[in-house]
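As C-alpha cells, the structure follows; a few thoughts come after it.
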Amino acid sequence: MHIHAYEKLWLAASILLILLLIGTVTYGAVGPGVAMVTDSEEPIDATALDEDDRFSEPRVEQVGEDEYAAYVVAYQFAFEPDPIVVPEDSTVTFYVTSQDVTHGFEVVGTNANTMVIPGEVAELTVEVDEPGEYGVLCNEYCGGGHHGMEGSFEVVSQSEYEEQAGGDEE
Ligand code: CUA
C-alpha cells in the first residue's frame, strides 16, 4: 500500500502531539513536586485546639537555621497570628487549621493557597526573600463576615525580626 508523503508527515506530527501531551501531563503531575492530599495525617480535634501543642498558641517558631514553622488558626472571621511575621531569606512552612468551619488561606500575590478544614492540618511551604507585606485572605465562603476575613503576612529584615522576637531567641 502506498502512503502519500504528506500523509506520513501528518501522521508523524499527530503522534508527536499525542506524545507531547502525555509528556506535559506527566510532568505536571510528578515534575514540580505536586502532592495530593493524603489521609495519612491524624485528624485533630477542632473543638479542643487550646489543648493542642501546635495550635493552642498560634505562632511562628524557628525550626532550623533559616527555617520557620507558622502555626495558624483560622476562625470566623480572622486568622491568628495576625500579622504572621517571618524574617527575609527563609523557608516557611505554614500549618493551618480551623476551629469552626471550612475557610481558605491564600497569601495574595503568591501561589500559596489552601483550603482550611476543621480537624485537618493544611501544610504548605514557601520560600521568602525580600522584605515585604502580603495580604492573607479567606477564599471559601464561611459565613456573614467572610468578605472581611483577612490577615497579613510580613517578611521583615533579619534585624527587625530579632528585635521583635525579643528575648525568647537564643
Ligand atoms: Cu473564612 Cu471565608
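Taking every DSSP beta bridge that has both ends in the chain, the antiparallel portion is near 70%. Rg over Rh for segment 1-75 works out to 1.43, both radii taken from alpha-carbon positions and Rh defined as the Kirkwood radius.
Taking every C-alpha pair closer than 8 Å and separated by at least 6 residues, the mean separation divided by the residue count of the chain gives a relative contact order of 19 percent. Of the solvent-accessible surface of segment 46-169, computed with a 1.4 Å probe over protein heavy atoms with every protein chain present, carbon and sulfur atoms account for 40 percent.
Take the convex hull of the alpha carbons in the chain; its mean projected area over all directions comes to 15.6 nm².
Helical runs assigned H by DSSP (4 residues or longer) give the chain a calculated mean residue ellipticity at 222 nm of -6500 deg cm²/dmol, each run adding -39500 (n - 2.57) before division by the residue total.
For the chain, the solvent-accessible area of protein heavy atoms averages 64 Å² per residue (probe radius 1.4 Å; ligands and nucleic acids excluded). The simple Förster model, with R0 at 45 Å and r as the Cβ-Cβ distance, assigns ALA13 and ASN139 a FRET efficiency of 0.60.
Taking Cα atoms only, the orientation of helix 5-30 departs from the longest principal axis of the chain by about 20 degrees.
The values are calculated or read from the model by the stated rules, or taken from the named source; none is laboratory data. The structure displayed is predicted, hence computed values, not measured ones. A quick note on method: Cβ atoms are made from the backbone with ideal geometry, for glycine too, and the neighbour counts reach across all protein chains shown. Remember, those area values only see protein heavy atoms, side chains included, never the ligands or the DNA or RNA. Shrake-Rupley method; radii C 1.70, N 1.55, O 1.52, S 1.80 Å.
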